[in-house]
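Enquirer: This is the structure I want to talk about, given as structure tokens.
The values are calculated or read from the model by the stated rules, or taken from the named source; none is laboratory data. Everything quoted here is computed from the prediction, not taken from an experiment. Reconstructed Cβ throughout: ideal geometry from the backbone, glycine too, with neighbour counts over all protein chains shown.
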């Protein structure tokens with residue numbers, strides 16, 4: 001890491017204007033102390049490298065070293081280098097050649113950065129978050145692209161499959177007039193591509209929210225988890241899109257200072273309008289999901305109250321039945337008790353030899369049963 005910082009700081013000892021002037025006065029190729037830029041065993045980090053002159057591709061170098069050589073020989077040319085998961089040596093080579101700032105190189109190496117725009121002298125460093133919606137899993141998949149924009153070069157660094165910048169390159173190459181407006185035109189085309197990719201994500205999220213609303217009022221027990229998971233995706237999407245508003249404001253603030261083409265200014269304003277629309281919709285999604293979650297919680301509570309009420313009614317009915325059974329059991333137990341006493345056949349039991357003993361026992365049973373019946377009736381057990 002110290003080697004990278006040393007070489008980058010050494011490169012910054014020359015001012016950007018002096019570096020650019022020195023390159024444009026070179027008539028013969030100059031060998032640069034470039035690190036090894038041979039393709040990696042698992043893939044080629046240089047996805048596409050091109051030199052443009054008057055809005056048209058004039059060369060397609062195979063390596064970073066070849067790109068530097070061709071750029072030195074073409075004073076009024078523009079280089080666009082596209083990289084996919086480059087290593088530290090390649091980024092160090094770019095830092096030395098184009099005077100890229102040490103902090104920007106660190107961000108490009110580490111990836112997983114928040115969307116931002118930073119200016120280091122004549123060089124812009126832009127981090128963008130592309131997004132794709134996968135309907136099968138209801139997940140928003142994010143990609144990250146880092147863009148270095150200088151007076152005569154654009155370097156794009158991707159760490160994921162998305163966004164696919166090949167379509168952007170084809171677009172600008174079909175429009176030499178756009179490409180001839182300079183490196184800012186390439187940045188505009190990349191930002192336009194990223195922002196256009198947000199529209200299907202917004203549509204997918206909106207469709208899922210409509211489905212969730214239906215499930216909530218249908219009483220689907222799994223909808224709470226779905227609301228939570230979709231809310232998390234919306235928050236992540238909001239983090240990817242909201243910083244773009246401020247980034248585009250920064251770009252618009254420098255239009256006059258850096259003499260940006262008027263047509264390009266209009267195009268960037270159009271991108272800003274689209275970003276604002278996306279941010280507003282995503283903010284609305286987040287609030288709507290919060291309200292849906294509240295409504296769902298209310299409906300679940302109401303449903304639970306109804307269930308508890310039904311259980312209470314059933315329990316009350318069951319208690320009434322238990323009371324009736326208990327009352328009749330007590331009434332039937334009284335004659336059984338009397339009959340049991342006289343069924344003991346003791347010798348010294350006066351009632352056994354009494355003439356009215358039997359009617360007395362039967363009457364006693366009836367009296368006890370009748371008394372218990374009256375008591376339970378008054379207690380509403382019967």
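Enquirer: Which numbered condition trips up residue 344, out of (1) touching a residue at least 12 places away in the same chain (Cβ under 8 Å); (2) part of a loop (DSSP other than H, G, I, E, B)?
Expert: Among (1) touching a residue at least 12 places away in the same chain (Cβ under 8 Å); (2) part of a loop (DSSP other than H, G, I, E, B), the lone unmet condition for residue 344 is (1).
Enquirer: Specify which of the listed residues (317, 329, 334, 272) is touching a helix residue (DSSP H, G or I) at 6+ places or on another chain (Cβ under 8 Å), within 30 Å of residue 371 (Cα to Cα) and assigned to a helix (DSSP H, G or I).
Expert: Being touching a helix residue (DSSP H, G or I) at 6+ places or on another chain (Cβ under 8 Å), within 30 Å of residue 371 (Cα to Cα) and assigned to a helix (DSSP H, G or I) holds for just one of 317, 329, 334, 272, which is 334.
Enquirer: If you don't mind, another one. For the structure I just gave you, tell me whether residue 216 is in contact (Cβ under 8 Å) with a residue 12 or more places away in the chain, touching a helix residue (DSSP H, G or I) at 6+ places or on another chain (Cβ under 6 Å), under 21 Å from residue 191 (Cα atoms) and not assigned by TED's automatic domain parsing to the domain that holds residue 122.
Expert: no
Enquirer: May I ask you to say which residue of 225, 239 is under 25 Å from residue 116 (Cα atoms) and either part of a loop (DSSP other than H, G, I, E, B) or within 20 Å of the chain's Cα centre (by Cα) (or both)?
Expert: Details: 225 fails: under 25 Å from residue 116 (Cα atoms).
None of the other options fit; the residue is 239.
Enquirer: Right, residue 155: touching a strand residue (DSSP E or B) at 6+ places or on another chain (Cβ under 7 Å) and free of Cβ contacts under 8 Å to residues at least 60 places away in the same chain or not? Walk me through how you get there before you give the answer.
Expert: Working: touching a strand residue (DSSP E or B) at 6+ places or on another chain (Cβ under 7 Å): yes; free of Cβ contacts under 8 Å to residues at least 60 places away in the same chain: no.
No; evaluated as a whole, the condition is false for this residue.
Enquirer: If you don't mind, another one. Please determine, by comparing only the residues of the stretch 82-92 that are crowded, with 20+ Cβ neighbours inside 10 Å and under 11 Å from residue 46 (Cβ atoms), which one is farthest from the chain's Cα centre (by Cα).
Expert: Restricting to residues being crowded, with 20+ Cβ neighbours inside 10 Å and under 11 Å from residue 46 (Cβ atoms), the top hit is 90.
Enquirer: Six or more apart or on different chains, Cβ under 7 Å: which pairs go from a residue in the stretch 120-145 that's touching a residue at least 60 places away in the same chain (Cβ under 8 Å) and not assigned by TED's automatic domain parsing to the domain that holds residue 106 to one that's outside any strand (DSSP E or B) and buried (at least 17 other Cβ atoms within 10 Å of the Cβ)? Could you list them?
Expert: Qualifying pairs under 7 Å: none.
Enquirer: Also: Of the residues 302, 238, 250, which is at negative phi and touching a strand residue (DSSP E or B) at 6+ places or on another chain (Cβ under 6 Å)?
Expert: Just one listed residue meets the conditions, 250.
Enquirer: Right, something else. Can you tell me which of 314, 330 is farther than 30 Å from residue 231 by Cβ and without any contact (Cβ under 8 Å) to a residue 24 or more places away in the chain?
Expert: Only one candidate qualifies: 314.
Enquirer: Here are some conditions: (1) assigned to a loop (DSSP other than H, G, I, E, B); (2) under 30 Å from residue 148 (Cα atoms). Residue 233 meets all but one. Which one does it not meet?
Expert: Of the numbered conditions (1) assigned to a loop (DSSP other than H, G, I, E, B); (2) under 30 Å from residue 148 (Cα atoms), the odd one out for residue 233 is (1).
Enquirer: For a quick check of your reading: which helices (runs of 4 or more DSSP H) sit entirely within the stretch 94-198 and have at least 3 residues that are in contact with a helix residue (DSSP H, G or I) (Cβ under 8 Å, 6 or more places away or on another chain) and surrounded by 22 or more Cβ atoms within 10 Å (Cβ to Cβ)?
Expert: Of the helices (runs of 4 or more DSSP H) lying wholly inside the stretch 94-198, those with at least 3 residues that are in contact with a helix residue (DSSP H, G or I) (Cβ under 8 Å, 6 or more places away or on another chain) and surrounded by 22 or more Cβ atoms within 10 Å (Cβ to Cβ) span 183-196.
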